[in-house]
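Encoded as structure tokens, the structure appears first; notes follow it.
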Amino acid sequence: MQLLFRLWAKLFAAIYGGEGLNIPLMFIPTRAIAPLLVRYGAKIGQRVRFRSPLVIHNTNAARGQYYRNLEIGNDCYLGRELFLDLQDNILIEDHVTISHRVMILTHTDAGTSPLKDKFIATSQAPVVIRRGAYVGANVTVLQGVEVGESAVVGAGAVVTRSVPARTVVVGVPAKPLESPAIDQVKKKKLYGVK
């Protein structure tokens with residue numbers, strides 16, 4: 001079965017390049033996703049669990065290295081319907097959980113819109129998600145953002161600015177959630193403070 005999926009992926013990559021690999025990424029068993037990404041240039045750590053479908057946009061043009069802008073550390077979980085924009089680098093460190101339907105975008109391009117460059121500048125920047133961070137369902141992370149170590153991004157948030165370590169952010173745009181009770185819970189869980 002694994003051989004069949006590898007051949008299927010190879011056929012779509014030969015015909016359509018990196019974007020063509022999105023077809024098998026929608027249907028292959030979850031245990032086959034990491035090896036496929038590594039085969040095409042990604043750096044994936046140990047015990048990384050993906051849930052299909054996975055969609056990857058703006059793959060690298062270098063044949064066989066379509067996913068070289070993607071690096072994921074050890075012991076990570078990446079939920080269903082994850083969308084990764086690899087126009088620039090995405091680095092996900094160890095012990096990160098990314099929930100379902102998350103979008104990680106590394107560029108802005110208004111395409112053929114008359115707003116292009118006059119009002120919406122074309123730009124790109126990497127995204128970094130630090131060790132132990134949690135990204136909730138339906139979150140959008142925009143270019144140039146760093147989600148700090150052990151930070152929490154609440155479901156549905158749009159992250160337009162970097163999130164400091166051990167901070168909880170929610171909303172559109174994402175802002176720190178401030179509450180003495182939350183501060184106490186964070187201190188207990190993250191630092192063992194009583």
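The values are calculated or read from the model by the stated rules, or taken from the named source; none is laboratory data. What you see is a predicted model, and the numbers here were worked out from it, not measured in a lab. When the accessible area is computed, the model is the full protein with side chains, heavy atoms only, and any ligands, DNA or RNA have been set aside. Shrake-Rupley method; radii C 1.70, N 1.55, O 1.52, S 1.80 Å.
Of T112, T30, the order by accessible heavy-atom surface (1.4 Å probe, DNA, RNA and ligands excluded), from most exposed downward, is T112, T30. Between P164, P24, P114, the Gaussian network model of the chain with springs among Cα atoms under 10 angstrom shows the greatest mean-square fluctuation at P114.
To the nearest 10, the accessible area of S52 is 20 Å² with a 1.4 Å probe. Accessible surface comparison of K43, K116, probe 1.4 Å, protein chains only, largest first: the order is K43, K116.
Just the number please: accessible area per residue for the chain, 1.4 Å probe, all protein chains included, in Å². Let's see the in-between values first.
Values: 10470 Å² over 194 residues.
For the chain, the per-residue accessible area is 54 Å².
Amide H to amide H, with H built 1.01 Å from N, G144 comes under 5 Å of A125, V127, counting only residues 5 or more places away or on other chains. Starting from the Cα gyration tensor of the stretch 77-123, take the square roots of the eigenvalues, sort them a ≥ b ≥ c, and report rounded, prolate or oblate (rounded when a/c is under 1.5, otherwise prolate if a/b is larger than b/c, else oblate). Verdict is prolate for the stretch 77-123. With the whole protein complex present, Y40 retains an accessible surface near 10 Å², based on a 1.4 Å probe. With all protein chains in place and ligands, DNA and RNA left out, the 1.4 Å accessible area ranks F27, F83 as F27, F83, largest first. Any chance you could give the angle, 0 to 90 degrees and rounded to 10, that helix 2-16 forms with the longest Cα principal axis of the chain? Between helix and principal axis, roughly 80 degrees. Classify the chain from the C-alpha gyration tensor, please: rounded if a/c falls under 1.5, else prolate or oblate depending on whether a/b exceeds b/c. Oblate, because a/c is 1.5 or more while a/b does not exceed b/c. Report the relative contact order of the chain, percent, no decimals, based on alpha-carbon pairs under 8 angstrom and at least 6 residues apart. With pairs under 8 Å counted, the relative contact order is 12 percent.
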